[in-house]
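Here is the structure we will look at.
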Amino acid sequence: MILKELISNLAILVAILFVYTQLTNSSPLRRTSSRRQKITAGILAGILSNVLMLYSMPMDSVIIDLRHIPVVLMSYYGGSIPALITMVMIIIGRFLFGFTTQAVLAIIFIGGTTLLTLFITRLELSKMKKVFLALTLSNLIFTIMLTFLSLRIDTLISFVLSYWSISYLAGFLSFYVVEYVRRNQRILNKYKSESVTDGLTGLNNVRKFDQLFNNVCTEAQDRDEKVSLLYIDIDHFKKVNDTYGHIEGDQVLVELSHILTSTVRTFDHVSRNGGEEFTVILLDCPAQRAEEISERIRKKVQNHSFRLATGESITITVSIGIACYDETTNTPQLLIVEADQALYEAKQSGRNLVYLSNKFAREHV
């Protein structure tokens, strides 16, 4: 019977922890989490503890459960706020079963476990040592509480050995589940980020650009807003790579990405579409404003000293092609074609130029 009850408790514990870690993937509980998140986590952990109390495991004349595991988890991951909230909810839940000597001992047990675990989590120990020490001290407190129940020595020994084994099993299994799920979530999130992020510059890659561009086109038509697209290309970049090497060329690309992000508005979308080609989607931006921003980019790049790892500084220039919905085209999906053609015209007209689609190129010196 005890094995059946144990499996039921472990199944409940693991299932709820798995669901909770999945739901909090974007903002897992940490000591630095917001107060609101800590309070919510503490309440949920308190509910879990009370559920575990309902599924208690009878052993001879004593009933045990795993109510202390959520307290240890909250202490470790969230600190004092969620741990104390969980503790209070356990105490309230225990009083619902009646005010007896066992209830008082249970309160002392859960209170001592909470305070000692909070202390242990602040020690300079490894993760596993903290978990082991917290569970061990919790088990010791429980064992001391049992001595007040006047159990026979053989019953007490058997009961203590069983409880310690169950407590360790549930405790380490709970931490394993949380760590396992979070580790896989971090890996998955990393892969998701890398799939839409340029590994060198940290900007959006071409895949993310396509997603953003399609969304922006749809929203521009729905809201009747102007959208401008900049195509930016480094002039004679091959010469930089041939002269200084690809590592130095990569450094130039990184610095250029910083110039772009610092020049455009925070809500605009900057992407590296490949090689030395960059794009900027300017939201709610007419052609004239796009030209002003492009000119500011061109001048910043022209006047910037790109420092190489050797200590040498070089200068580069960029050519920029612009297209705007609904000024240069009435079809937002054609922005890419028009901006690319405008960039080509800027290159053909002498480089270091800003060229607006369907207009004459203007050379800048």
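GLU124 fails exactly one of the following numbered conditions: (1) in contact with a helix residue (DSSP H, G or I) (Cβ under 9 Å, 6 or more places away or on another chain); (2) over 18 Å from LEU54 (Cβ atoms). What is the number of that condition?
(1)
Residues to consider are TYR176, TYR191; find the one that is in a helix (DSSP H, G or I), over 27 Å from ILE110 (Cα atoms), open to solvent by 80 Å² or more (accessible area, probe 1.4 Å) and free of Cβ contacts under 8 Å to residues at least 12 places away in the same chain.
Only one candidate qualifies: TYR191.
Looking only at the stretch 16-44, which residues are among the hydroxyl-bearing types (Ser, Thr, Tyr), modelled with pLDDT under 90 and exposed (fewer than 15 other Cβ atoms within 10 Å of the Cβ)?
Once the filter is applied, which keeps residues that are among the hydroxyl-bearing types (Ser, Thr, Tyr), modelled with pLDDT under 90 and exposed (fewer than 15 other Cβ atoms within 10 Å of the Cβ), the stretch 16-44 yields SER26, SER27.
Give the residues of the stretch 242-272 that are under 17 Å from VAL301 (Cβ atoms), of a type in the set (S, T, N, Q) and free of Cβ contacts under 8 Å to residues at least 40 places away in the same chain, sorted by residue number.
Once the filter is applied, which keeps residues that are under 17 Å from VAL301 (Cβ atoms), of a type in the set (S, T, N, Q) and free of Cβ contacts under 8 Å to residues at least 40 places away in the same chain, the stretch 242-272 yields SER262, THR263.
Can you confirm whether LEU115 is under 19 Å from LEU17 (Cα atoms) and not hydroxyl-bearing (Ser, Thr, Tyr)?
no
Looking at (1) touching a strand residue (DSSP E or B) at 6+ places or on another chain (Cβ under 8 Å); (2) at pLDDT 90 or above, find the lone condition where LEU146 falls short.
Here LEU146 meets the rest and fails (2).
Please go through the stretch 42-54 and pick out each residue that is under 23 Å from the mean Cα position of the chain (by Cα) and more than 8 Å from ILE85 (Cβ to Cβ).
Scanning the stretch 42-54 gives a single hit, LEU44.
Return yes when LEU29 is in contact with a Leu (Cβ under 6 Å, 6 or more places away or on another chain) and under 22 Å from PHE132 (Cβ atoms) and no when it is not. I'd like the intermediate steps shown before the answer.
Values: in contact with a Leu (Cβ under 6 Å, 6 or more places away or on another chain): no; under 22 Å from PHE132 (Cβ atoms): yes.
No; evaluated as a whole, the condition is false for this residue.
Residue-by-condition table, conditions (1) among the polar types (S, T, N, Q); (2) part of a helix (DSSP H, G or I); (3) open to solvent by less than 30 Å² (accessible area, probe 1.4 Å); (4) in contact (Cβ under 8 Å) with a residue 24 or more places away in the chain:
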| site | (1), (2), (3), (4) |
| --- | --- |
| ILE91 | no, yes, no, no |
| GLN102 | yes, yes, no, yes |
| LEU105 | no, yes, yes, yes |
| THR114 | yes, yes, yes, yes |
| GLU124 | no, no, no, no |
| LYS130 | no, yes, no, yes |
| LEU133 | no, yes, no, no |
| THR143 | yes, yes, no, no |
| THR147 | yes, yes, no, no |
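Just one of ALA346, ALA339 is under 13 Å from ASP235 (Cβ atoms), assigned to a helix (DSSP H, G or I) and open to solvent by less than 10 Å² (accessible area, probe 1.4 Å); which is it?
ALA346
Looking only at helices (runs of 4 or more DSSP H) that lie completely in the stretch 227-330, which have at least 3 residues being of a type in the set (A, V, I, L, M, F, W, C) and open to solvent by less than 60 Å² (accessible area, probe 1.4 Å)?
By residue number, 246-263, 287-303.
The values are calculated or read from the model by the stated rules, or taken from the named source; none is laboratory data. Every value quoted in this text rests on a predicted model; they were computed, and no experiment measured them. Neighbour counts are summed over all protein chains in view; Cβ atoms, including those assigned to glycine, are modelled from backbone coordinates with ideal geometry. The accessibility values were calculated without ligands, DNA or RNA, using every heavy atom of the protein model including side chains. Shrake-Rupley method; radii C 1.70, N 1.55, O 1.52, S 1.80 Å.
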